[in-house]
């Protein structure tokens, strides 16, 4: 057998077929999309979460199969035997010194030409029962691990939806406004260049003005670049059709208060109690510790107990149906000889799981402190962005009043309008960053809602 790489044509057909399946399974574009609707759609339709959910379901089915492995074996057998002539034998008496006497001239048989036999037996391997018991416990831990992985993925998905939604919402708010102002930017730059060429103003003044306008436009484009892909990212997260068109529902004003901020020690304790990563690490360590017991069990002698009921149609039998029972003891000496090596492998797996557990706990504690630092920085940035927006609004009002009075020119008003748009976008960016930091703060503690936070604190 040789490896057979897929051809370009086959992979193209495969990809197109999968894309068609995605289009059929994707939800219709909602006319307006609120944050709660986006979160609900992501939880139910996200393909990565569907894979995690299927893995969890598979683990539960495997647990059901492993539980059956602990049951005794119940075997039903039936056989038919036939031949064209009777089987017959001649007899000869045994004599001392391992010799035989003269054979008889009469052949005898004890078998019909056609026979049917049936057997129903039950057998129990004691060693296999012990091994199946511990392996079923491992599969049960794998179910819990899959559940925690699904929960962790769900919390991460919600966090990404929140952050992406607000970026896309902000982009929708300012797209039309930016397009209108950009035409005025070009007009203002052209006017500045014309005044410079006509020597109506000094070259340095004109160039300084152009630089200010271009720097503002550059800042706006930089903020816009961070949100221009947000809609496509959100469509992927909520399972909508690629390139779908939908609008975002108007949102209430978001304040700068986060209900999840607590003292550092309490947040760390909550994280150590509630984070799914720690429960996952615990289950993995518990699962690996069973490998040592399994390695020991495999070295023990094995005992088989069995009982059966039998039926045979052979008319020569004195009893054509009977009950039978047996016991058998065996010992695989090679397993005993290799116990030390298998035990060392199992112990090493346990040590790795313990090390991973310590690394997970340390990472969780670190994430709590990082999330706190990001939150306080985001809070300061949001406060500064609000102050800047208020100041810029006042400046714009003053400039418009000055233009009406004939004191300020159009170019100056355009510059301040651009600064106002920039201040608004920076405020939205700071607000998005703040709520993203708040979401990370919540996730760092393994808390989904304020109610869950209150319950966890009790």
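The values are calculated or read from the model by the stated rules, or taken from the named source; none is laboratory data. Fair warning: this is a prediction, and the values are worked out from it, not measured in the lab. Quick reminder, even Gly has a Cβ in these numbers, built from the backbone with ideal geometry, and neighbours come from all protein chains shown.
Here residue 116 fulfils each of the conditions (1) in contact (Cβ under 8 Å) with a residue 60 or more places away in the chain; (2) surrounded by fewer than 16 Cβ atoms within 10 Å (Cβ to Cβ); (3) out of contact with any strand residue (DSSP E or B) (no Cβ under 6 Å at 6 or more places or on another chain); (4) not in a loop (DSSP other than H, G, I, E, B) apart from (3). Here the condition is being surrounded by 11 or more Cβ atoms within 10 Å (Cβ to Cβ), more than 27 Å from residue 142 (Cβ to Cβ), touching a residue at least 60 places away in the same chain (Cβ under 8 Å) and in contact with a strand residue (DSSP E or B) (Cβ under 6 Å, 6 or more places away or on another chain); of 33, 41, it holds for 33 alone. Taking the range 342-362, which residues are without any contact (Cβ under 8 Å) to a residue 12 or more places away in the chain and either more than 30 Å from residue 279 (Cα to Cα) or within 24 Å of the chain's Cα centre (by Cα) (or both)? 355, 358, 359, 362 - these are the residues of the range 342-362 that are without any contact (Cβ under 8 Å) to a residue 12 or more places away in the chain and either more than 30 Å from residue 279 (Cα to Cα) or within 24 Å of the chain's Cα centre (by Cα) (or both). Checking every residue in the range 268-287 against the condition of being surrounded by fewer than 17 Cβ atoms within 10 Å (Cβ to Cβ) and under 30 Å from residue 383 (Cβ atoms) gives at least one match.
Inspect the range 313-333 for any residue being part of a helix (DSSP H, G or I) and either under 22 Å from residue 128 (Cα atoms) or out of contact with any strand residue (DSSP E or B) (no Cβ under 8 Å at 6 or more places or on another chain) (or both) and give the result as yes or no. Give the derivation first.
First pass over the range 313-333, keeping only residues part of a helix (DSSP H, G or I): 333.
Filter once more, keeping what is either under 22 Å from residue 128 (Cα atoms) or out of contact with any strand residue (DSSP E or B) (no Cβ under 8 Å at 6 or more places or on another chain) (or both): 333.
Yes: one or more hits.
So that you can scan it fast, the table gives a plain yes or no per residue for (1) over 30 Å from residue 278 (Cα atoms); (2) at pLDDT 90 or above; (3) not in a helix (DSSP H, G or I):
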{"residue": "374", "(1), (2), (3)": "no, yes, no"}
{"residue": "379", "(1), (2), (3)": "no, yes, no"}
{"residue": "392", "(1), (2), (3)": "yes, yes, no"}
{"residue": "400", "(1), (2), (3)": "yes, no, no"}
{"residue": "411", "(1), (2), (3)": "yes, no, no"}
{"residue": "435", "(1), (2), (3)": "no, no, no"}
{"residue": "440", "(1), (2), (3)": "no, no, no"}
{"residue": "447", "(1), (2), (3)": "no, no, yes"}
{"residue": "456", "(1), (2), (3)": "no, no, no"}
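Being modelled with pLDDT of 85 or more and in contact with a helix residue (DSSP H, G or I) (Cβ under 7 Å, 6 or more places away or on another chain): is that true of residue 323 here? Against the criterion (modelled with pLDDT of 85 or more and in contact with a helix residue (DSSP H, G or I) (Cβ under 7 Å, 6 or more places away or on another chain)), residue 323 does not qualify.
Candidates are the residues of the range 370-391 that are under 31 Å from the mean Cα position of the chain (by Cα) and farther than 30 Å from residue 287 by Cβ; the one that is surrounded by the most Cβ atoms within 10 Å (Cβ to Cβ) is 378. Could you pull out the residue among 234, 195 that is assigned to a helix (DSSP H, G or I) and in contact with a strand residue (DSSP E or B) (Cβ under 9 Å, 6 or more places away or on another chain)? The conditions single out 234. Restricting 148, 142, 159, 155 to residues that are under 22 Å from residue 247 (Cα atoms) and touching a residue at least 60 places away in the same chain (Cβ under 8 Å) narrows the list to 159.
If only one of 162, 179 is under 23 Å from residue 226 (Cβ atoms), loosely packed, with under 14 Cβ neighbours inside 10 Å and at pLDDT below 90, which one is it? Can you show your working first?
Values: 162 fails: loosely packed, with under 14 Cβ neighbours inside 10 Å.
After ruling out the rest, the residue left standing is 179.
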